[in-house]
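Peer 1: Below are the structure tokens for one structure; questions will follow.
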Amino acid sequence: MTEPPNVTARPGLHARSWARAVAVVLICASVALLLSFDAVYDSLQRALSAVEPSIAAHPRLGAVAFVVFAALSAILAFFSSALLLPAAVYTWGTTVTFALLWLGWLLGGICTYALGRGLRRPRGNVPRSSSKIDFYLQRAPGDVTFVLVLLLCLALPSEIPGYLCGYLGVRVRTFVPALAMAELPFATGAVLLGDGVAHRHIGWLVAVGLIGAALSLLALRALRKRLEPPS
């Protein structure tokens with residue numbers, strides 16, 4: 001028999017989600033403040049100008065490397081491709097950078113899904129894992145729908161939904177379209193942030209940070225309501 005959900009885990013997870021949203025806003029605001037200083041922005045432009053010829057000289061290799069780094073950022077919690085975005089936007093423009101970033105994140109999500117499938121066990125035999133993964137493993141319904149997968153991908157850090165869906169045996173034709181759709185707003189926001197850094201669009205940096213944090217919190221709220229057991 002499956003143990004009842006651990007309801008005490010919820011407040012801590014909720015607080016961490018708020019902390020993550022606040023951290024995103026603070027980071028964007030801090031970067032915007034730094035870019036307001038001419039010396040900082042001039043140094044950034046010199047660095048981007050120095051990197052551009054190397055990427056332009058090896059366009060295919062540079063694109064493949066960027067996709068790989070983007071995929072790793074979707075697999076590993078401590079790895080981020082954010083530092084590469086200003087150089088990518090400066091060299092390729094927003095459209096190409098968006099396509100490469102979205103593709104990398106999609107491939108990374110599919111890799112975490114495959115990992116979850118490889119670790120799959122009987123539903124009641126949940127392995128020892130982090131409190132966040134355990135929280136959603138215990139509350140996910142038997143039939144995971146497209147909408148639920150979409151909310152998972154919108155609300156949770158990128159390395160978690162794929163693992164959860166793979167472990168729970170969600171169908172590929174449900175998971176991949178939901179992941180692809182969920183990554184669109186985040187890839188758009190990330191590219192706008194990269195463009196804001198590369199071209200000193202300070203207002204964009206703050207606005208995108210606020211919108212991204214609000215989107216994540218709203219998706220998390222909708223996800224929690226959907227997973228709440230009937231009273």
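Readers should treat all values here as calculations from the given coordinates under stated rules, not as data from a laboratory. The model shown is predicted, which means the values in this text are computed figures rather than measured ones. Ideal geometry is used to build each Cβ from the backbone, glycine not excepted, and the neighbour counts take in all protein chains shown.
Peer 1: Take ARG20 and LEU119, extend 7 Å from each Cα along the Cα→Cβ direction, and tell me the distance between the two endpoints in nm.
Peer 2: 1.6 nm
Peer 1: Also: Measure out, as a whole number of angstrom, how far apart the alpha-carbon centroids of region 163-231 and region 60-74 sit.
Peer 2: Taking the Cα centre of each part, region 163-231 and region 60-74 sit 20 Å apart.
Peer 1: So, counting K/R as plus one and D/E as minus one, what does the shell of residues with Cβ under 13 Å around ALA71 add up to?
Peer 2: My count for the surroundings of ALA71 gives -2.
Peer 1: Which peptide among 175-188, 18-31, 150-163 comes first, and what is the full order, when sorted by highest mean count of other Cβ atoms within 10 Å?
Peer 2: Result, highest mean first: 150-163, 175-188, 18-31.
Peer 1: Running Debye on region 9-227 with equal point scatterers at the Cα sites and no solvent, what base-10 log of I(q)/I(0) appears at q = 0.07, 0.08, 0.16 Å⁻¹?
Peer 2: Treating every Cα as an identical point scatterer, log10 I(q)/I(0) equals -0.24, -0.31, -1.08.
Peer 1: P(r) for region 153-219: what percent of alpha-carbon pairs falls in each 5 Å bin, starting at zero?
Peer 2: The calculated distribution, bin by bin, is 3, 16, 22, 20, 15, 12, 6, 4, 1.
Peer 1: Residue by residue through region 97-111, what is 3J(HN,Hα) from phi via Karplus (6.51 cos²θ - 1.76 cosθ + 1.60, θ = phi - 60°)? Round to whole Hz and write x for glycine and proline.
Peer 2: Taking θ as phi minus 60°, the curve returns 4, 4, 4, 5, 5, 4, 5, x, 5, 5, 5, x, x, 5, 5 Hz for region 97-111.
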